[in-house]
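Report on the following structure.
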Amino acid sequence: MEETILLIESEPAKRKALLSCLSKDYQVLTATTGKHARQVLVQIPAIGVILFDDGIPDVSSVEFFQEIRVLFPDVVRVLLSDSGDEQAISDIMKREAVYQVVPKSIPPWHLLLLVNRALESRELSRRHRFLSRELKISDSAFRSPKDGLMKLIRESYEFGKLVFASDSMLEVCNLAKRGAPTDLPVLIEGETGTGKELMAQAIHGFSDRKGFPFLTQNCGALPDDLLYSELFGHKRGAFTGAVSDRLGLFSAADGGTVFLDEISEVSPTFQVSLLRFLQEGEIKPLGTEQTKHANVRILAASNQPIKEAVKEGKFRQDLYFRLRGFEILIPPLRDRPEDIPVLAEYLSRKYSESLNRKIAGISVQVMHHLQAYLFPGNVRELETEIHRMVSLAGDGEFLTIEHLSPEITRALPSEDRIKDRGHANGGRTLKEKVERLEARIVSQSLIRHRWNQSKVAKELGLSRVGLANKIKRYNLYQATH
């Protein structure tokens, strides 16, 4: 994917020269003030490099990079400055993790080379973190809930009840954190089972509304009249069966948040009512002409791209624009296999506690096979699998291949369908551990790139022949679901 650079430069001629050079290799966005830069960063989550000229009038470089270091820790930061204060330059590089401070007179082509090196360095750092995590997982993370499990959980990330380790989910959750304190509506998209409601709960928990109600409604489960009643309320006698007044979720959540799941399923007629509420904040319960106001933030979710529904004429464009104050896309689990070990350990602990069962850990082979499986049902399917495995295991046992469901074992290479109890306590040589680590890294890369072997070979630094040999050696094949 093409990297995006944010160039913050107030001088028109210099901005034009740098833009002309950098845009040959990268997508370049520009800003002329600190305020403008912040607006761009909120709207565009995937910035790779920030180039900041310290002549920007409305914010100092120290103040700006302090914010960036907290909100965008993975962004490469470069400062253009003619300051002769070596101590100040040293301080900002150390404290705010600025990659380089360069003179403002730097030739554009030289700055382009520096950006190339900076991004290469960041990629190497990411790979180092990934390999370090993989080595820890292989060597010690599957021993016991008290040892490996807790160590792995501490090294993972959390956002509300979402647990993850991947850079892709970190970017998504960082965007959600930035959007949480605002009062804008949020549209959360992702396949079934990816954790859209947990994301909504986390956003509410990081917002100024966290002390007020968080209420949910599945919009795909009810016809229009009942859905209207659930959200807007009704008066007694408004329809057959309305034996008493009903407040409605929007009124009940006043000051708080309402999460509307499966928003793409609402009818065109109901979309009009929802749009009116988003525009005016007015509620008119069924059976009355009186209106009242409710101060509610709307978070909506869909397992289908709303943009496509708009193109097909199934969803109102004006409602779509209202809902997407912030747009969050949760990637499917198959695109982030590095999250599976953390989730599996977290879930095994959860169900060990709920079932009052002491599990010794998860075998390395089981973890490898979980990562190789595509999980069409995403995290929800993984949770069901771990719940089942813990239920089948006895006290003191490791979760092994024998506990996996047939759905997953059928997708495994034949040589891997072996008992792994003998390896559960780490009974492998260093060479064997390294080989299994290599097999898992190759397998993950193949899954991540949908078996595009050219991309995998490039990512791993292999020739096509070398990659083909490793696929054959480790008996890897493309599972279909």
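Just a few scattered comments:
- Residue, farthest from ILE106 (Cα to Cα), within segment 26-37, restricted to residues that are touching a strand residue (DSSP E or B) at 6+ places or on another chain (Cβ under 9 Å) and not hydrophobic (A, V, I, L, M, F, W, C): HIS36
- Residue that is nearest to the chain's Cα centre (by Cα), among those in segment 76-95 that are surrounded by 13 or more Cβ atoms within 10 Å (Cβ to Cβ) and more than 18 Å from GLY55 (Cα to Cα): VAL76
- If you go through segment 222-275 and keep only what is modelled with pLDDT under 90, under 18 Å from PHE315 (Cβ atoms) and hydrophobic (A, V, I, L, M, F, W, C), you end up with just LEU222.
- Output for segment 40-57, where each listed residue is more than 20 Å from GLN100 (Cα to Cα) and more than 21 Å from the chain's Cα centre (by Cα): PRO57
- Of the helices (runs of 4 or more DSSP H) contained entirely in segment 366-469, those carrying at least 3 residues that are modelled with pLDDT of 85 or more and under 29 Å from the mean Cα position of the chain (by Cα) fall at 378-392, 453-460.
- Segment 47-103 - residue that is in contact (Cβ under 8 Å) with a residue 24 or more places away in the chain and polar (S, T, N, Q) and, of those, nearest to LYS35 (Cα to Cα): SER61
- Test: residue in segment 268-277 that is in the same structural domain as GLN304 (by TED's automatic domain parsing) and assigned to a loop (DSSP other than H, G, I, E, B): no
- Members of segment 288-298 found to be touching an Asp or Glu at 6+ places or on another chain (Cβ under 9 Å) and surrounded by 17 or more Cβ atoms within 10 Å (Cβ to Cβ), listed by number: ALA294, VAL296, ARG297
- Residue count, segment 61-105 (criterion: assigned to a loop (DSSP other than H, G, I, E, B) and more than 27 Å from LEU170 (Cα to Cα)): 8
- When each of GLY190, GLY195 is tested for being within 23 Å of GLN317 (Cα to Cα) and touching a residue at least 60 places away in the same chain (Cβ under 8 Å), the lone residue that passes is GLY190.
- Members of segment 253-281 found to be surrounded by fewer than 18 Cβ atoms within 10 Å (Cβ to Cβ) and in contact with a strand residue (DSSP E or B) (Cβ under 6 Å, 6 or more places away or on another chain), listed by number: GLY281
- Per-region count, segment 1-60, residues in a helix (DSSP H, G or I) and of a type in the set (A, V, I, L, M, F, W, C): 10
- With a requirement of 2 or more residues that are buried (at least 19 other Cβ atoms within 10 Å of the Cβ) and within 14 Å of the chain's Cα centre (by Cα), the helices (runs of 4 or more DSSP H) lying completely within segment 167-247 that satisfy it span 167-179, 196-205.
The values are calculated or read from the model by the stated rules, or taken from the named source; none is laboratory data. All figures in this text were calculated on a predicted structure; none of them were measured in a lab. No Cβ is skipped: glycine too gets one built from the backbone with ideal geometry, and neighbour counts run over all protein chains shown.
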